[in-house]
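Reviewing the structure listed below.
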Amino acid sequence: MMDTKKLRQKILDLAIRGKLVPQDPNDEPASVLLERIGAEKERLIKEGKIKRSKKTASDRNENEIPNGWVCCRFDEICSQFSTGPFGSMVHKSDYVSHNGTPIVNPMNIVDGKIVTNNLMMVSNEKAQELDRYRLTKDDILIARRGDLRKCCIVSEESIDWLCGTGSFFLHIPFVEPRYIELFYLSEYVQTILKRECVGATMDNLNQSVLGSIPFFLPPLKEQERIVNEVNHWFSVIDELESNEGDLLKAIDKAKSKILDLAIHGKLVPQDPNDEPAIELLKRINPKFEPCDEEKYEGILDTWCTTHLGNICFLTEGEAIADREYPYIDVKGIRTGSFTTKQSGKHIKQGTTLILVDGENSGEVFRTPIDGYQGSTLKILNINKNVNSKYILLFIRLNQKALRENKVGSAIPHLNKKMFRELTIPIPPYQEQLRIVSKIEELFAVLDGIKESLA
């Protein structure tokens, strides 16, 4: 499956270089649009509403864009280009819990929209003092520290709110705001920001860097066509991503269904010549008596049901002191990076472990190296008369059922009593082998599909 994030960036790259939609020679050239923007800025300067921006150097490359476009600087197209108020301009006493004017900070910019979660407000009196930081419709809001991809267009609902300290707001007349947003989010701009905005603890974007970014300005009519085309393709990608999520869920459901069919004797054909399962269970315990379980009624006579505790149990490793070994915990198993300890309960490489505490309680691992047993893990011992892979597949199917929350705590753990008493259907040993082989075959196909979606 295609990488949708890269696909989005490819579409943006084509869009900002004039390669996504055809040019129309009848469109008013972008040079005329830029002159109109310049005239509007001169008017505002004469009226004392804005200051003349400082000239900054930029890498202009007219060869990157088609005829009718103009390469300019970001600050050339902005009639207002400012950060929010300095932190010293707003004090703790200025904030109110209701009936105030909202201030939009970077944390309020999520997925191209202003969200009201954790939205702070100042008194209306204070807002009047900060009047020059008020937002108008179609202003562009950009985070100037942290995640510099945070960018949104001010909508009707946010008019007259205030730009926060950690943001820029840009007022750009005569230009399609959605095109500006797409241009800013393009890999072309984000690569410049990654190069120029590295801070000690987080990325910081200053006005000089933002203002000097080369901006590829198309004719207004073409901007509108570009925005419509990008929106169309992004909606297609959204559908692909939704379907991908549905497919991943379907794969997980398919695996559970395969396991369910397996333990009900419906995955592989039975062989009447197989030794009945009760014989192998009697080798484990000569006094063995099958347990009744309505859930597994209808399985063949060669199968037998028993409690999980009759064929496997949980133990600890051998306590050893004054020896340094890697500490085998889940994090280390997942990452391959282990800390060391001087003493603990020793376990050997290849030992089967089951997680007994945490959100994934019931998950099973193989110890990759010799080491000391982690505190949230137990050794899972499976009787040699049954196929261990079959038992592990059964545990996997019932992993969620074996978990419960500790009293007074949100941390789940393995319910050991339920683990011991859970009824498991046991097929003849040779059928266990056939079941495991078939499941591995089917899971390999499903995993191949899943990997192609990564």
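No lab work stands behind these numbers, since they all come straight from the coordinates. Just so you know, these numbers come straight off a predicted model, no measurement behind them. Reconstructed Cβ throughout: ideal geometry from the backbone, glycine too, with neighbour counts over all protein chains shown.
Per the Debye formula on identical point scatterers at the alpha carbon atoms of the stretch 251-452, with no solvent, log10 I(q)/I(0) at q = 0.08, 0.13, 0.17, 0.19 Å⁻¹ is -0.31, -0.80, -1.22, -1.37.
How large is the convex hull of the C-alpha atoms of the stretch 4-234 per residue, in Å³? Write out the running numbers ahead of the final one.
On the way: hull volume 31.9 nm³, N = 231.
Spelled out: Cα convex hull of the stretch 4-234, divided by residues, is 138 Å³.
Residues in the stretch 147-157 carry Karplus couplings, in order, of 7, 7, 7, 6, 7, 7, 9, 6, 9, 4, 5 Hz; the curve used is 6.51 cos²θ - 1.76 cosθ + 1.60 with θ = phi - 60°, and Gly or Pro positions show x.
Label sites at Lys113 and Arg366, each approximated as a point 7 angstrom past Cα along Cα to Cβ, lie 4.7 nm apart. Label reach from Glu440 (point 7 Å along Cα→C-beta): in the stretch 370-390, amide nitrogens under 15 Å belong to 387-390.
Amide hydrogen proximity for Lys341: with H placed 1.01 Å from N in the peptide plane, the residues at 5 or more positions away or on another chain lying under 5 Å are Tyr325, Tyr327. For the chain, the alpha carbon positions stretch 102, 54, 45 Å along the principal axes, listed from largest to smallest.
If R₀ is 56 angstrom, what is the calculated FRET efficiency for the pair Glu187 and Glu279, using the beta carbon separation as r and rounding to 0.05? Each step should come with its number before you reach the end.
Numbers: r = 66 Å, r/R0 = 1.17.
The formula returns an efficiency of 0.30 here.
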